Amino acid sequence: MTSRIIAVEPFDLVVFGGAGDLAYRKLLPALFHRHADGQIPAAARIVGVSRRAMSDADYRAATREALGQHVADADREPALVETFLKRLHFIPVDARSDAGWDDLGTLLQKGGGRIRAFYLAVAPELFGTISAKLGGKGLATPATRVIIEKPIGHDLASAVAVNDAIGQIFEEGQIYRIDHYLGKETVQNLMALRFANALFEPLWNAAHVDHVQITVAETIGVAGRGDYYDHAGALRDMVQNHMIQLLCLVAMEPPAEMNADSMRDEKIKVLRSLEPINAHNSARLIVRGQYRAGGGPNGPAPAYASEVANPASATETFIALRAGINNWRWAGVPFYLRTGKRLPTRASEIVVSFRAIPHSIFAPEAGEIEQNRLVIRLQPDEGVKLNLMIKDPGPGGMRLRYVPLDMSFAEAFGIRSPDAYERLILDVIRGNQTLFMRRDEVEAAWAWIDPIAEAWQASNETPKPYPAGTWGPAASIALIERDGRTWYDEVG
Ligand code: BG6
């Protein structure tokens, strides 16, 4: 089965931080895939920018190497690599001085009035500086878009400052705030499941849903990003953005249309309905953990404290929390969120557990009747499972069995699941902001997160230890078991 490809308009994509990790690992491979599928018109150009003195030839050579590492051999046809590399240019530019800006301007001028996208794959301290330069140097045309990624601030006040600085130059409709989880195939599938089927939506509320679990488990540690991570921790790195966005997509009302403002209007209502977690209740509603030395699928793993500069770090690498949504649809339905590094397996899932049946007509020998569960598997092995009770086949009386109606997307469609960045970068070119965060969403998410961070700071309580390669501190299990529930054990 092949996917349907619609080419985009010609564009110039300028990547600040073009010779950085995100560019080589994610952005250039994503663009290569879109190029290979014929979705990028011949005239489109990709311009790497950074302080480094690199020529076009150097950049093309470095990109060739990066593609070698990050694109599967089978997808890397040599002729396509060559035509892709021809699109690339490199201009040394210093974001903080005037060096290089005129050269960038001259190159962009050759593109006339075409779409320009500036991807700021740089430290967030530079978002405002670069935006001001783009404005001051006249590079921000009406057909210009700017792309930024988290961390957008460290708390509400700093997020407002970042948004203000970018907003001085760009209109909200030109600003694309990436949360790459929104570009994942299965996350978009959640929209299809909910709103293209008549089956689930009537049950999607407190009358029929017992609880929701959202797990994003990683096996990696801080992977060389200790400096950033030790200041962020799991709360700011994963919960403030990816986890909250997933929660919003599960919980939001059906938007009037699948367009940017309708979707974002519904998500923000969820954000504003989140039950506050603060110094009064955080001990009951959140568990923080930090991994100690241990194991895992990749063998022995060091302690977090030995991977970062501060051996006494109190930064959390694991969080489990119970969120509540105070609105008519969800009042009383817990949303359990769990994320961590150095867990036993890499698995991200959303599990919607429906309420137990009101009365069983079966004899006790028939066995236990489990709650129906809809399991949306984000990664790896994207797919959807609906867990149901059936009669155990064969003779021997009525015995019940809990089985999944199981749909693996890879098996069903047999196509490579595109990386989130492939979708998101092209959405920027198409001018479609549906899968990007609006300013008020980012700020509302911080408004919910700040009291949690403040409560921790005030309590001086340190994260609970867990051995690398386990499912976090035992307190995470206690958090959900206290409510008479368990973490969905098929994760992994
Ligand atoms: C990033 C976080 O946003 O998401 C990382 O900063 C995390 O810490 C990553 O590892 C997870 O993304 P994915 O797509 O691998 O699930």
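Quick rundown of the values:
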item: Hits in region 400-417 (condition: over 22 Å from the mean Cα position of the chain (by Cα) and within 19 Å of GLU185 (Cβ to Cβ)); result: ASP406, MET407, GLU411, ALA412, PHE413, GLY414
item: Options ASP210, ASP164, ASP179; residue that is of a type in the set (Asp, Glu) and within 30 Å of ARG292 (Cα to Cα); result: ASP179
item: Condition broken by LEU435, with the remaining ones in (1) under 20 Å from ASP381 (Cβ atoms); (2) touching a helix residue (DSSP H, G or I) at 6+ places or on another chain (Cβ under 6 Å) satisfied; result: (1)
item: Pairs where the first residue, in region 152-166, is surrounded by 17 or more Cβ atoms within 10 Å (Cβ to Cβ) and the second is aromatic (Phe, Trp, Tyr), C-beta under 6 Å, 6+ apart; result: LEU156/TRP446; ALA159/TRP446; VAL162/PHE127; ILE166/PHE127
item: Only listed residue being modelled with pLDDT of 95 or more and either buried (at least 20 other Cβ atoms within 10 Å of the Cβ) or within 16 Å of the ligand (Cβ to nearest atom) (or both), chosen from VAL222, VAL287; result: VAL287
item: Meets criteria (within 16 Å of the ligand (Cβ to nearest atom), of a type in the set (A, V, I, L, M), touching a residue at least 24 places away in the same chain (Cβ under 8 Å) and part of a strand (DSSP E or B)) for ILE148; result: yes
item: Of residues in region 180-203 being in a loop (DSSP other than H, G, I, E, B) and either basic (Lys, Arg) or touching a strand residue (DSSP E or B) at 6+ places or on another chain (Cβ under 8 Å) (or both), the one farthest from ASN372 (Cα to Cα); result: LYS184
item: Yes/no for ARG292 being surrounded by fewer than 19 Cβ atoms within 10 Å (Cβ to Cβ), within 27 Å of the chain's Cα centre (by Cα) and away from the ligand (no atom under 15 Å from the Cβ); result: yes
item: In region 227-253, the residues that are in contact with a strand residue (DSSP E or B) (Cβ under 7 Å, 6 or more places away or on another chain) and within 13 Å of the ligand (Cβ to nearest atom); result: ALA234, LEU235, MET238, VAL239, HIS242, MET243, LEU246
item: Selected residue (criterion: farthest from ILE477 (Cα to Cα)) from residues of region 336-391 that are surrounded by fewer than 20 Cβ atoms within 10 Å (Cβ to Cβ), polar (S, T, N, Q) and within 16 Å of the ligand (Cβ to nearest atom); result: GLN379
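Per-residue answers, yes or no, for (1) part of a helix (DSSP H, G or I); (2) in contact with a helix residue (DSSP H, G or I) (Cβ under 9 Å, 6 or more places away or on another chain); (3) not charged (D, E, K, R):
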position: ASP12; (1), (2), (3): no, yes, no
position: LYS26; (1), (2), (3): yes, yes, no
position: HIS33; (1), (2), (3): yes, yes, yes
position: GLY38; (1), (2), (3): no, no, yes
position: LEU80; (1), (2), (3): yes, yes, yes
position: THR106; (1), (2), (3): yes, no, yes
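The values are calculated or read from the model by the stated rules, or taken from the named source; none is laboratory data. Given the structure is predicted, the values throughout are model-derived calculations rather than measurements. Counting neighbours? That spans all protein chains shown, and the Cβs are built from the backbone with ideal geometry, glycine included.
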